[in-house]
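Everything on this sheet refers to the single structure shown next.
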2 protein chains.
Amino acid sequence: MATLNKIAARQEEGGKLGRFLPVLKWARRYERDDLVGDLLAGVIVAIMLVPQGMAYALLAGLPPQVGLYASIIPLILYGLLGTSRTLAVGPVAIVSLLVATGISPLAEPGSAAYVQLALTLALLAGVIQALMGFLRIGFLVNFLSHPVLAGFTSAAAIVIGFSQLKHLLGIGIPRFEHFYEQVLYAGAHAGETNLITLAIGLGGIAVLLYFKYGFARHLQRLGVPGDWVTPFSKSAPLVVVLGGTLLVWGLGLNETAGVAVVGDVPAGLPPLTMPTLDLSTWQTLLPTALVISFVGYMESISVAKALASKRRQKVEANQELIALGVANLGSTFTGGYPVTGGFSRSVVNFAAGANTGLASLITAGLIALTVIFLTPLFYFLPKAMLAAIIMVAVAGLVDVKTFRHVWAYNKADAASLIVTFVAVLALGVEKGIVAGVAAAILLFIWRTSKPHVAVVGRLGTSEIYRNVSRHPVKTCERVVAVRVDESLYFANTKYLEETVLDAVAERPAVDHFVLIGTAVNFIDASALETLESLIHQLKDAGVTLHLAAIKGPVMDRLQAIGFVEHVGEDNIHLSTHDAMQAIGCL
Amino acid sequence: MATLNKIAARQEEGGKLGRFLPVLKWARRYERDDLVGDLLAGVIVAIMLVPQGMAYALLAGLPPQVGLYASIIPLILYGLLGTSRTLAVGPVAIVSLLVATGISPLAEPGSAAYVQLALTLALLAGVIQALMGFLRIGFLVNFLSHPVLAGFTSAAAIVIGFSQLKHLLGIGIPRFEHFYEQVLYAGAHAGETNLITLAIGLGGIAVLLYFKYGFARHLQRLGVPGDWVTPFSKSAPLVVVLGGTLLVWGLGLNETAGVAVVGDVPAGLPPLTMPTLDLSTWQTLLPTALVISFVGYMESISVAKALASKRRQKVEANQELIALGVANLGSTFTGGYPVTGGFSRSVVNFAAGANTGLASLITAGLIALTVIFLTPLFYFLPKAMLAAIIMVAVAGLVDVKTFRHVWAYNKADAASLIVTFVAVLALGVEKGIVAGVAAAILLFIWRTSKPHVAVVGRLGTSEIYRNVSRHPVKTCERVVAVRVDESLYFANTKYLEETVLDAVAERPAVDHFVLIGTAVNFIDASALETLESLIHQLKDAGVTLHLAAIKGPVMDRLQAIGFVEHVGEDNIHLSTHDAMQAIGCL
């Protein structure tokens, strides 16, 4: 309780300015206790981030230092502007894949032009996110439903995994437009595998998997405190990077066995860089930038919210967009590429005890020290090891469990998942996600286009009216009362009209029609027009339309437009029972 | 009552086969009384259709006889297959415009290749409509909301009206991609106007307007029976066609004053024609064909339903799609172009007393006689007169009233109308309608993405729970009960999560959260996942989630997926009051 009150009090701090600069909220009340957690978390995340940053840069088709550059200024900016206290921003796998697919048709991966395009992508994604935040239109990302995201992530993970085959096998696989072409090519050229390279990669994978699944149990048996288990197991990337580097250096495998290594990584702080300021390039990059902004934000906000709620903290969606946008702008001008809040590193940050944005600043500082002093150490780092890190990281993203769950729950949702998954593999990541979003929207419209409709009757002598086909209820020959379980809008107006007219056509004795609105949350202009024409059509057929139990906000609008006079004041009733009483059907 | 019973009895006729061949329903019980109405209606519609058919063919960029050919076999097929007894099928203005914009970039208007493409468009539109009918997926047309259709129709009417300027002014205006280019060109070349042509056109417009607005009143004053007024006033096109033809023929205006005339129209029944069977052409035409199928069907079904309900008859949507599709296929093979049920002619058909599909058959017979015997009479028919007919017909489609109404009712709906209107004028009819549909869907998602949410409390000592901010209600410090007035689905899950977590974060004393589902009509997989994660997040924060008043069908699904055990059997309540009682907050 005391903690809760403390947090609540803190959230009040900072006021108006604090809303836009959340650092003011936590910096003023910073306590010594907070520092221990922030320091530990900052260090551990930095240890994960150095190998991951280089690996993801490799995945994006960029020189390894770009991944490190993207882990300095963006982290500082997010640390100052972000509302999450535990989100770990930086390069992530899926965004790196999107960068690769978006710009590899435009320039040679690794070339100066390619790096320039990656910067420009960070600029566009940053502007889009910051704008969405300022305009408070973050709701747009809701177009990405959970099944679509699950299908997308699973398929993207497979694409990413296969894209690393070339490093793992030590063979050159050219980029193909379609995923299956890449798989076929790899299969046809498997004979060219460099076995030493493969052995290093598989060894790395084995160690990573051990750290992931067995290590924590062993640590616990050894009596290591629970809080320390997660940080230790997450140091696996560092372990394999060190091991791989030492092995290649010690045995000279890069020269004797042709093991591909990272090579020279320039030392020193990130350079000041400028994006391309060419409108036609921007136009070309825009679709990719949009997908990166949306997908990146979704990954980030999901984990930020999940972690914040564990401590009853708040994450403000629009401020998050601004913070991520500014982080991407920072990345643009300091030699980076698009970043976002990563899932696994944020969880580690949280578990290691990060209390404020200071943890991010500490991580950034350590990465800065790394690029100043430690880059010569990466010369002998085998690329196969970075590939191993990527493959193990994305393997966990192939999400069969969600598919089974969604399939069991609802076939329509499962269909949108399958469409996205197949479309990403068959058409590529960008077209794939667009196809998935379109499928989800289509299915939603379909689902609401034929709402559940019940003809109701009176239950005994109560004031309760229930579905005639489920309950033994009493009805009048002259009246048909229908409850529509959906808001009335363009996709279901035709169905509504049909239902009403059919109900009347089937019952020649009817001269009163009661429409019950308990589950009608709004009526759009299409439905309003349909209702207006229904009144006339029913009148022509000698039937009076009544409305019953229409909700307050809905009735307000109907009143304002004069629809109430149209129906007739006397034909509007507070409840179904009132309507039946007024008609004289009791 | 007697009439109703007779109709009901008739609708039973025909059985299973009658569902697919509605002619069986009406032919068996055909009565002498029906014949008078059918005969009169058939004749009057034919009188309207001869000039309109030629005018709309001209609008579509086709030779005039194509409009007449499209008014024979399609009418017979619809008469046999259609479920509407009064729909008048044939060429209509908007579909003709869509044909012109769709195929004029591909071939020279009026050329043999152009005619061939128009046939092919009828084939594709026919196949799409028939398939949609067979697959019972007619609900897809619901994507066209009323505001979008209103915006589209108004803008299309303006485009159509301006497209006729060249005939009215007697100057050549080349086709432009954009509407405004056409307007600018016409303005720049207005000096070349053929004044005699313009005089004929304006004279035609004056007569048509008189018939539309003044004639009916004069007829009534003269004591003409009401039933006869509509048919008479609708003969206006015939009057101006006859007048114009006689004038040009009498004064030889085509030679002396250069008035453009229809010229030779081949005599004889429609030829047997074959569409292009080339896949790449089909692919090119597909978008246009889709728009024609959707827009054509919408125009047709709206008027068919409106007229049917006036006599308490039924129109079966999917059978209508099949009937229109087959009519279009008939048009394909008999020298026609895409057709649909037209608004004004159907109203005339109804008013003139059409009782069954026989009226359509009679109209078709008369048009057949026209193309066999009367085509030489059209030689001197001035094109300006056909332009006048089109302009007066479409002027009524510019729908300012709907705009005002929608604007007053709901700004979001009005926005989708404006977007469509502007996009049609700026981008063209096809891109325009796509933009409009996208806007309407976006607005709908936006509207449901932030549902109305009310924290509720107990009203006095009743079992009724109402919004705390509207009513003086009683709440407990330990409990927050929230009613969400929307189905829970991907677009609002984030908002739901935020709302719930905020409500809890703001109330540190709360340890029970009650979610009230009276207005939740379904919960999709995204929302299910959110609820699952909410349970955990709330548990982490020491709060128990309760569900109250969840609807039967929604609960069935939650039960099947095991969600109920997840929440805990004891935390699910039939009503809000039950929940409060269980928690001990009374």
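Tabulated values for the structure
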quantity	calculated
Segment A:451-463 - residue that is in contact with a helix residue (DSSP H, G or I) (Cβ under 8 Å, 6 or more places away or on another chain) and assigned to a loop (DSSP other than H, G, I, E, B) and, of those, surrounded by the fewest Cβ atoms within 10 Å (Cβ to Cβ)	A:Glu463
Check on B:Leu123, open to solvent by 10 Å² or more (accessible area, probe 1.4 Å) and either closer than 14 Å to B:Glu299 by Cα or part of a helix (DSSP H, G or I) (or both)	yes
Which listed residue, of A:Ala426, A:Ala415, A:Ala438, is at pLDDT below 90 and either in contact with a strand residue (DSSP E or B) (Cβ under 8 Å, 6 or more places away or on another chain) or open to solvent by 10 Å² or more (accessible area, probe 1.4 Å) (or both)	A:Ala438
Condition check for A:Pro174: on the phi < 0 side of the Ramachandran plot, out of contact with any Lys or Arg (no Cβ under 8 Å at 6 or more places or on another chain) and open to solvent by less than 10 Å² (accessible area, probe 1.4 Å)	no
Residue match in segment A:376-396 (condition: assigned to a helix (DSSP H, G or I), within 14 Å of another protein chain (Cβ to nearest Cβ) and out of contact with any Pro (no Cβ under 9 Å at 6 or more places or on another chain))	no
Members of segment A:464-478 that are open to solvent by 50 Å² or more (accessible area, probe 1.4 Å) and away from every other protein chain (no Cβ under 14 Å)	A:Val468, A:Pro472, A:Lys474, A:Thr475
Sole residue being of a type in the set (A, V, I, L, M) and touching a Pro at 6+ places or on another chain (Cβ under 8 Å), chosen from A:Ile205, A:Ile200, A:Ile171	A:Ile200
Sole exception among (1) open to solvent by less than 10 Å² (accessible area, probe 1.4 Å); (2) farther than 24 Å from B:Thr356 by Cβ; (3) in contact with a strand residue (DSSP E or B) (Cβ under 7 Å, 6 or more places away or on another chain) for B:Asn254, by number	(1)
Test: A:Val207 is crowded, with 18+ Cβ neighbours inside 10 Å, touching a residue at least 60 places away in the same chain (Cβ under 8 Å) and in a helix (DSSP H, G or I)	no
Breaking point among (1) among the acidic types (Asp, Glu); (2) without any contact (Cβ under 8 Å) to a residue 12 or more places away in the chain; (3) under 25 Å from B:Arg466 (Cβ atoms), for B:Glu569	(3)
Elements of type helices (runs of 4 or more DSSP H) in segment A:269-364, at least 3 residues being within 15 Å of A:Pro74 (Cβ to Cβ) and open to solvent by 10 Å² or more (accessible area, probe 1.4 Å)	A:317-333
Yes/no for B:Val141 being surrounded by fewer than 22 Cβ atoms within 10 Å (Cβ to Cβ) and either in a loop (DSSP other than H, G, I, E, B) or within 14 Å of chain A (Cβ to nearest Cβ) (or both)	yes
All helices (runs of 4 or more DSSP H) inside segment B:1-94 with 1 or more residues being at pLDDT below 90 and open to solvent by less than 40 Å² (accessible area, probe 1.4 Å)	B:2-12, B:15-20, B:23-28, B:32-59
Criterion violated by B:Arg136 - all others in (1) outside any helix (DSSP H, G or I); (2) free of Cβ contacts under 8 Å to residues at least 60 places away in the same chain; (3) open to solvent by 30 Å² or more (accessible area, probe 1.4 Å) satisfied	(2)
Output for segment A:263-306, where each listed residue is aromatic (Phe, Trp, Tyr) and within 12 Å of A:Val141 (Cα to Cα)	A:Phe294, A:Tyr297
Qualifying position, being within 11 Å of chain A (Cβ to nearest Cβ), small (Gly, Ala, Ser) and farther than 26 Å from B:Ile561 by Cβ, among B:Ala519, B:Ala525, B:Ala509, B:Ala491	B:Ala509
Out of A:Ser331, A:Ser309, A:Ser346, sole residue that is at pLDDT below 90 and in contact with a helix residue (DSSP H, G or I) (Cβ under 7 Å, 6 or more places away or on another chain)	A:Ser309
Condition broken by B:Ala107, with the remaining ones in (1) without any contact (Cβ under 8 Å) to a residue 60 or more places away in the chain; (2) part of a helix (DSSP H, G or I) satisfied	(2)
Among the residues listed as A:Leu198, A:Leu168, the single one being open to solvent by less than 30 Å² (accessible area, probe 1.4 Å), more than 25 Å from A:Leu417 (Cβ to Cβ) and either modelled with pLDDT of 90 or more or assigned to a helix (DSSP H, G or I) (or both)	A:Leu168
Filter result (open to solvent by 40 Å² or more (accessible area, probe 1.4 Å) and among the aromatic types (Phe, Trp, Tyr)) within segment B:366-408	B:Phe373, B:Tyr379, B:Phe380, B:Phe403, B:Trp407
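The values are calculated or read from the model by the stated rules, or taken from the named source; none is laboratory data. It should be emphasised that the depicted structure is a prediction, and the values quoted were computed from it without experimental measurement. Reconstructed Cβ throughout: ideal geometry from the backbone, glycine too, with neighbour counts over all protein chains shown. To get the accessible areas, we keep the full protein, side chains included, count just its heavy atoms, and leave off ligands, DNA and RNA. Shrake-Rupley method; radii C 1.70, N 1.55, O 1.52, S 1.80 Å.
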